[in-house]
């Protein structure tokens, strides 16, 4: 993976789709997802606040957003290995991009790699809540 080659959120999604295409079954994909989550830098305890907690997730998830409408930097963590992997994917797609691009980019990779079919309903709801939270921060960054 070459981060310098990723110019847009769409490019990041395409890279994720290609990576997951290397796996023949969901056992390998889940293990890859867990490995991605393990590579996330930890959040500082002071970032794990109620204000940063994502509502609607069965697991505990915190998303910390900094920057402005031109470039929002996202950091996040979860107490669940698989959810941490989902977070890692979302950060690859959305972090470092402008608020307008974030709002205009639907997470198409979720269904393209089969996550929509293979996540439990509670994890699917949590994933939707994380996307909603990220987009809400982008919307807020665009407010005057």
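Taken together, the values in this text are just the output of simple stated rules run on the coordinates, not laboratory data. Model, not experiment: these values are computed from the prediction. Every residue, glycine as well, gets a Cβ built from its backbone with ideal geometry; the counts of neighbours run over all protein chains shown.
Tell me the mean residue ellipticity at 222 nm calculated for the chain from its helices only (DSSP H runs of n ≥ 4, each -39500 (n - 2.57), averaged over every residue, nearest 500). After summing the helix terms and dividing by the residues of the chain, the value is -15500 deg cm²/dmol.
Length gained on full extension, residue 73 to residue 32: 12.4 nm, using 0.36 nm per residue less the C-alpha separation. Cβ crowding within 10 Å ranks 100, 29 as 100, 29, fewest other Cβ atoms first.
Spacing of the modelled spin labels on residue 47 and residue 108, each 7 Å from Cα toward Cβ, amounts to 3.0 nm. In plain terms, the residue of 54, 64 with the fewest other Cβ atoms within 10 Å comes first and the most crowded comes last, giving 64, 54.
Remark on the chain: hydrodynamic radius 15.3 angstrom, per the Kirkwood mean of 1/r across alpha carbon pairs.
With 10 angstrom as the radius, rank 62, 26 by how many other C-beta atoms surround their C-beta, starting from the fewest. Walk me through the intermediate numbers first.
Numbers: 62 21, 26 14.
Ranking 62, 26 by Cβ neighbours within 10 Å, fewest first, gives 26, 62.
Label separation (residue 81 vs residue 142): 3.9 nm, computed from points 7 Å beyond Cα along the C-beta direction. Protection proxy ranking of 104-110, 65-71, by the mean of other Cβ atoms within 10 Å over each peptide's residues and highest first, is 104-110, 65-71.
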